[in-house]
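Readers should treat all values here as calculations from the given coordinates under stated rules, not as data from a laboratory. A quick note: this is a predicted structure, and the numbers were derived from the prediction, not measured. Don't worry about glycine lacking a Cβ; one is built from the backbone with ideal geometry, like all the others, and counts go over all protein chains shown.
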């Protein structure tokens, strides 16, 4: 098992890869707020939130499948797992919006794949992100680089959660889409940090 007994939600990896401060607000401070993007996401996930099993064209489809990894100390749930020829698991993560390549989504999918590998003792070389608005899939190859990045993020999230520290904000384009912007107050806090940094360069204390 992972060095720490703490089990990390797979969703925390996606939050951290998007913004470490967002991850801490949700998983340390237990803060959450809705906006149009989170509501759209919830609407998309209603399609796959109820556990069930279907079969289509010889492919077994499981919805809302719980997954975990003792080695990595992860727990979570896959929106959909398709079991194709040879019973190879193929995770499919549902996202609102149009088809786009987002690293934080890839990390979440990679973590699901590594959990499935441990659970079923089978390789999971790829998965897909289903983008609801465009109704298109984007296949993600779970290669060595993505696996290494995901394990690095797992270690960073574990350190963050164990420390209970809230990282400083970075006010940028990501904030516009974040439902926690009013709780986070990135613009105000970033301006305060900039002010203190500038003041430190203007005034030098005599020694």
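Here, the stretch 8-169 is characterised by an Rg to Rh ratio of 0.96, where Rg is the alpha-carbon radius of gyration and Rh the Kirkwood radius. Here the peptides 108-119, 85-96 are ranked by packing, the mean other Cβ count within 10 Å, and the order with the highest first is 108-119, 85-96.
When only Cα pairs below 8 angstrom with a gap of at least 6 residues are kept, the stretch 8-169 shows a relative contact order of 25 percent. Peptides 15-21, 179-185 ordered by packing proxy, namely the average of other Cβ atoms within 10 Å per residue, highest first: 15-21, 179-185.
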